[in-house]
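> Mind looking over this structure? Questions follow.
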Amino acid sequence: MNPTDPSDPLLDVLLAETAALDAMHSAGLAALRRRRRWRTVRVTVGSAAVAACLLFVMRAPWNEQTRNSQIAPPSLAKSANAPLLDVSLPGASPAVSELDDDELLRQFPPGTCTIAEVDGRKMLVFLGDEARAKYLR
């Protein structure tokens, strides 16, 4: 039996339905491809818009001053010799550059602080929260 034989009406109906189904499938695939293409376009355009906004903000004229100013790094020599705690009392003499342990402890009321050695470094330790709050600002 030849499929193109027009003598069988049942075969003609089945072939017509198959052709209609194929056409529907092709139309559905075309619609899905269109939707995917537009989704890709939207994502690409959105990403380009975000990139353009970021570039504009980074290169904006109001940002010119902050971009050209350079922040000097802190001097390592100063920070290595700097004390951990700068205790400046109102009655202290500015002529005194270094204090030994006893002189430092005499600057505070008795029983409020002590000197402890941690990892080979001496540190001033306050014994109560009130003293710490009062002398450390």
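The values are calculated or read from the model by the stated rules, or taken from the named source; none is laboratory data. Note that the coordinates shown come from a computational prediction; the quantities given were computed from them, not determined experimentally. Virtual Cβ from ideal backbone geometry, glycine too; neighbours counted across all protein chains shown.
Yes/no per residue for (1) part of a helix (DSSP H, G or I); (2) at pLDDT below 85; (3) touching an Asp or Glu at 6+ places or on another chain (Cβ under 9 Å); (4) not polar (S, T, N, Q):
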| position | (1), (2), (3), (4) |
| --- | --- |
| 10 | yes, yes, no, yes |
| 22 | yes, yes, no, yes |
| 27 | yes, no, no, yes |
| 32 | yes, no, no, yes |
| 54 | yes, no, no, yes |
| 72 | no, yes, no, yes |
| 77 | yes, yes, no, yes |
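> Among 98, 117, which is the only one that is at pLDDT 65 or above and not in a strand (DSSP E or B)? I'd like the intermediate steps shown before the answer.
Values: 117 fails: not in a strand (DSSP E or B).
It is 98.
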